[in-house]
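Chemist: Okay, handing you the structure first.
Any read-out appearing in this document is the output of simple, stated calculations on the displayed coordinates, not a laboratory observation. From a predicted model like this one, the values you see are computed outputs, not experimental measurements. Note that we place each Cβ from the backbone using ideal geometry, even for glycine, and neighbour counts take in every protein chain shown.
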Amino acid sequence: MEFPLWFVYSSTWLLTLLLIVKGIQVRRRKLNQAPGPKPWPIIGNLNLIGSLPHRSIHDLSQKYGPLMQLKFGSYPVVVASSVETAKLFLKTHDITFAGRPKFAAGKYTTYNFSDITWSQYGPYWRQARKMCIMELFSTKRLESYEYIRVEEMRALVKGLYASSGSQIMLKDYLSDVSLNVISRIVLGKKYLDENETKSSVVTPEEFKKMLDELFLLNGVLNIGDSIPSLACFDLHGYVKRMKSLSKKFDRFLEYVIDEHNEKKNGVKEWVAKDMVDVLLQLADDPNLEVKLTRTSVKAFTQVGGGERHTLPTVYRSDCERNNETAPVAPMLVPRLVREDCKVAGYDIVAGTRALVSVWTIGRDPTLWDEPEVFRPERFVGKSMDVKGHDFELLPFGAGRRMCPGYTLGLKVIQSSLANLIHGFVWKLPEKITTGDLNMEEIFGLSTPRKIPLIVVLQPRLPAQAYFQ
Ligand code: HEM
């Protein structure tokens, strides 16, 4: 008996489909996944994640434990929220967890994942890290920028002195100082200074706005990153904003590179003065394993600006609360599990997104005595460091993808914090008590205050100390 051709084709398709579905089911049944809430179809566990995802994840970890399996849309997510599990992700299985998920922000705002943060684990990323260690953030290079830090610190102290007695928004001063230091080191100019940027394609206001937008868009929870079938609708309008921002950045970075090339051309004993110079020099190096293109130079240049917001937030962590209960980054930048693995006896499949809840570790009562209380002296006499060795305190992450700019970040923070504390007495405005302060935060790459802090300061030292 002969069957019609259409029947043969459709039965073959159906059978194949059934086998695939069966195969997935069998595989799933066999997997021993970490505990976690049961996911819904399509949305997974996104219904449990509120507007402050780090707090939702913290609450879930209290229920399901320090290694938890979630699902965001169609993507599996594992969360480490104790010293032991963070160590498993960032140390024991570091190389397996060294990928980064491909989010829209990486695609649209960093030249299709060409910067260090969002680039995939591989030769390109390895070379970029090597450049950071050997060239961009080497001890010698950072020493050569010391005069910039000194000048900007003096300008900060002078500016604060001038505002003695009046109410000020502290974060404005702090983000300006970090932006000035970083833009001088990276771009060779203060892009907040009208006189220095007369011929620039962006005004200081536009420059600030672009960086604010870059930082915000790199930290948002974009629904299309979890539910790809909804990506085309761009429900929050984030992708539209990313595309528009990338155009503005490209125009600016093209200008920066042209300007640097013009200065370099024709100069015999040319010496690199800022990071763009160093990157352009590296781009000319024929011996590099992976060629550095103009696009990579632009992508690497952009990262410096994006980090400026971390500094004011660090002060917040250091000065207002403590670094454990209000860490700079409540969760480290998401990682991607590169191959199937077993962690603490649980199966984690390749492609799973991995989060480390630094927020939860900072609130662990077995690690910290009264973690909610601001008590900086708890660190006195402790050898604990912030450089990725002590997993109780991970402001810069740990392992292969740890922050490569931490030496610069630490230098700026330590010197400015010391100046703020040594140079001034800090008070809240009249009739405001510490109990009146709203300590809520905004979620993103860092956790700035929802309502910025207003303070009044008085100098502590003789006037000449502020005008050196
Ligand atoms: C106090 C300031 C800073 C803080 C708190 C901070 C924090 C962080 C954190 C938590 C990560 C993720 C680490 C992980 O995934 O384990 C990171 C990554 C990164 N940071 Fe920073 N950072 C700071 C300053 C800087 C500066 C000044 C730069 C460069 C100018 C920089 C460049 C980067 C880059 C390129 C990455 C991605 C590394 C990779 O994926 O390989 N950071 N930072």
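Chemist: Place +1 on the Cβ of every Lys and Arg and -1 on the Cβ of every Asp and Glu in the chain, take the dipole about the Cα centre, and give the residue among His236, Asn47, Leu288 whose Cα lies farthest towards its positive end.
Modeler: Positive-end residue among those listed: Asn47.
Chemist: I would also like to ask the following. Fewest first, what order do Met134, Met439 take by the number of other Cβ atoms within 10 Å? Provide the component values of the computation, followed by the final result.
Modeler: Values: Met134 11, Met439 14.
Ascending Cβ contact count within 10 Å gives the list Met134, Met439.
Chemist: Then there's this: Could you pull out the pairs from Lys87/Lys240; Lys263/Lys411; Lys247/Lys387; Lys130/Lys342; Lys38/Lys247; Lys63/Lys243 whose alpha carbons sit more than 32 Å apart here? Spell out each step's value before the answer.
Modeler: Working: Lys87/Lys240 38 Å; Lys263/Lys411 29 Å; Lys247/Lys387 36 Å; Lys130/Lys342 30 Å; Lys38/Lys247 41 Å; Lys63/Lys243 39 Å.
Table pairs above 32 Å Cα-Cα are Lys87/Lys240; Lys247/Lys387; Lys38/Lys247; Lys63/Lys243.
Chemist: OK, next. Against the longest principal axis of the chain, how steep is helix 294-306, in degrees 0 to 90 to the nearest 10, with axes from Cα atoms?
Modeler: 70 degrees
Chemist: Quick check: the angle from helix 204-217's long axis to the longest principal axis of the chain, C-alpha only, nearest 10 degrees?
Modeler: Helix 204-217 and the main axis of the chain meet at about 30 degrees.
Chemist: Restricting to DSSP H runs of at least four residues, report the calculated mean residue ellipticity at 222 nm for the chain, -39500 (n - 2.57) per run over all residues, nearest 500 deg cm²/dmol.
Modeler: Numbers: 16 runs with 194 residues, N = 468.
Computed ellipticity for the chain at 222 nm equals -13000 deg cm²/dmol.
Chemist: Any chance you could give the angle, 0 to 90 degrees and rounded to 10, that helix 146-162 forms with the longest Cα principal axis of the chain?
Modeler: Result, in degrees: 70.
Chemist: Taking neighbour Cβ counts within 10 Å as the exposure measure, how do Ser163, Ser61 sort from fewest upward?
Modeler: Ser163, Ser61
Chemist: While we're looking at this one, here's another question. Please rank Leu410, Leu160, Leu14, fewest neighbouring Cβ atoms within 10 Å first, as an exposure proxy.
Modeler: By the 10 Å Cβ count, ascending, the order reads Leu14, Leu410, Leu160.
Chemist: Let me ask something else. To the nearest 20 debye, what is the magnitude of the charge dipole of the chain about its Cα centre, counting +1 on the Cβ of each Lys and Arg and -1 on the Cβ of each Asp and Glu?
Modeler: Numbers: 62 positive and 51 negative charges, 189 e Å.
Roughly 900 debye, rounded to the nearest 20.
Chemist: Step by step: find N for region 33-466, compute 2.2 N^0.38 Å, then divide the Cα radius of gyration by it. What's the final number? Working shown, then result.
Modeler: Numbers: Rg = 22.1 Å, N = 434, 2.2 N^0.38 = 22.1 Å.
Taking the Cα Rg and dividing by 2.2 N^0.38 Å, one obtains 1.00.
Chemist: Related question: Mind checking which of Val276, Ile442, Gly122 is farthest towards the positive end of the chain's charge dipole, using Cβ charges of +1 (Lys, Arg) and -1 (Asp, Glu) about the Cα centre?
Modeler: Ranked along the dipole, the leading option is Gly122.
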